[in-house]
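Report on one structure; see the data block that follows.
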């Protein structure tokens, strides 16, 4: 492939709507790209940011945070323990629809008692008590989606 052919190919590539092209002709490989690629050996030029810009961004962040709904944080009581969700999934408070809940407020539980079931990826996972005591609060409802670490029960 001659230099003139390469120049013509590059010229046509630049005028086309093609973003990338890899051509191999007569043992010569040519890769062309219009995409910006950050090469690890090239120094990156970062934009200049003033203190005023940083202050403005911080104020915008504070106002956005103030307008977002706040999630109630449940603190660990001195006389009890919070049982949290070990996984993300759907919580079931009974073994099947129509059956009574595993536990209710005021129920006594022992280590190893099933408190609820969390379904994740079609697998049912028992959540068991790791402490003995009385259920003093239930923070979730049946068939609610729960997050990892979300408070489920308070045992006093």
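The values are calculated or read from the model by the stated rules, or taken from the named source; none is laboratory data. Worth saying up front: this structure is predicted, and the values here are computed from it rather than measured. We place every Cβ from the backbone using ideal geometry, glycine too, and count neighbours over all the protein chains shown.
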**OP:** Those residues that are in a strand (DSSP E or B) and more than 19 Å from residue 145 (Cα to Cα), I need them from the stretch 92-134; list them, please.
**Re:** 108, 109, 133, 134
**OP:** Of the conditions (1) on the phi > 0 side of the Ramachandran plot; (2) modelled with pLDDT under 90, residue 77 clears all except one; give me its number.
**Re:** (1)
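Let's see how each residue does on (1) in a helix (DSSP H, G or I); (2) modelled with pLDDT under 70; (3) in contact with a helix residue (DSSP H, G or I) (Cβ under 6 Å, 6 or more places away or on another chain):
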site	(1), (2), (3)
4	yes, no, no
9	yes, no, no
18	no, no, no
23	no, no, no
29	no, no, no
39	no, yes, no
48	no, yes, no
52	yes, yes, no
Subject >> Yes/no for residue 14 being in a helix (DSSP H, G or I), loosely packed, with under 10 Cβ neighbours inside 10 Å and at pLDDT 75 or above >> reply: no
Subject >> Residue check for residue 113: touching a residue at least 12 places away in the same chain (Cβ under 8 Å), surrounded by 14 or more Cβ atoms within 10 Å (Cβ to Cβ) and closer than 14 Å to residue 81 by Cβ >> reply: yes
